[in-house]
Each structure stands twice: as C-alpha cells, then as structure tokens.
Amino acid sequence: MIKKISKNKARQKRHQRIRNKISGTPECPRLSVYRSNSHMHVQIIDDVNQKTLVASSTLNLNLENCGNIEGAKLVGADIAKKALQLNIKKVVFDRSGYLYTGRVKALAEAARANGLEF
C-alpha cells in the first residue's frame, strides 16, 4: 500500500536535502525564505555564529495585499537594502524547499535587482 505524504512534509524533506548542502558563513550568509498563504518572511543568517543578521517580512512592511507577487517584490527590495547597509553583498539563496516560481522567484529577482549577489 502506498503511503501519501502531505505537501508540507515533502517540502520539509526537500528543505533538509538543501540544508545539507548549503550553509551561511560570515563572508557569505544564507538568505532563507519562508512562504505562508498570506505572508512572506526572509532572513539573512550566519550559520557559523548562529545569528540572524537581517530580517524582513510583509508583516514588518504593513502591506495591504501581502500574499501576492507584488508583496514578495517589496520584501526582496527591503531585505536587499537592509543587507547593503550592513555591507552584505553576497549571499547563498535558501528557497526552503519551495519551488522557484511565483512569489519565491519574484522575491529573489527583486533582491538581485537591488544589489544582492547570489
């Protein structure tokens, strides 16, 4: 009998495979994305020192329609501005097991357009 795995459990398994391969350092921290139905959360993390360097989300920006691509673009631009203020230019992108389409892609492209390299 085939056992079904929920979408979130499958995402968590993909995320664990990704995290086994990538890690943030002080020179090149990790840009981690969390996507819920209604919000986007992004952190830049130094895994060596176990510190969150910069964070942004649609909740912090007080957006009206935040569960869409436009909200993701604003969060990507905001995290890039905050990172550049701390002289963080290069990061490793951690999509957290989410597919690289839609809001995740929009966030990444907005961060790249505003100066982050990954």
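Worth pointing out:
- Beta bridge orientation in the chain: antiparallel %, DSSP, nearest 5: 75
- Pairwise inverse Cα distances across segment 22-113, averaged and inverted, put the Kirkwood hydrodynamic radius at 12.9 Å.
- Highest mean packing comes first when the peptides 79-90, 3-14 are listed by Cβ atoms within 10 Å, giving 79-90, 3-14.
- Candidates 24, 67, 102: whichever shows maximal mean-square fluctuation once the chain is modelled as a Gaussian network with Cα springs under 10 Å: 102
- If you run the Gaussian network model on the chain, springs between alpha carbon atoms under 10 Å, then out of 33, 91, 48 the most flexible one is 48.
- For segment 12-79, applying the loop criterion from DSSP together with a ceiling of 10 other beta carbons within 10 Å to the GluC sites (Glu not before Pro) yields 27, 64.
Read-outs: derived from the displayed coordinates by stated rules, not from any lab. Nothing here was measured: the structure is a model prediction, and the numbers come from that model. Backbone-built Cβ (ideal geometry, glycine too); neighbour counts: all protein chains shown.
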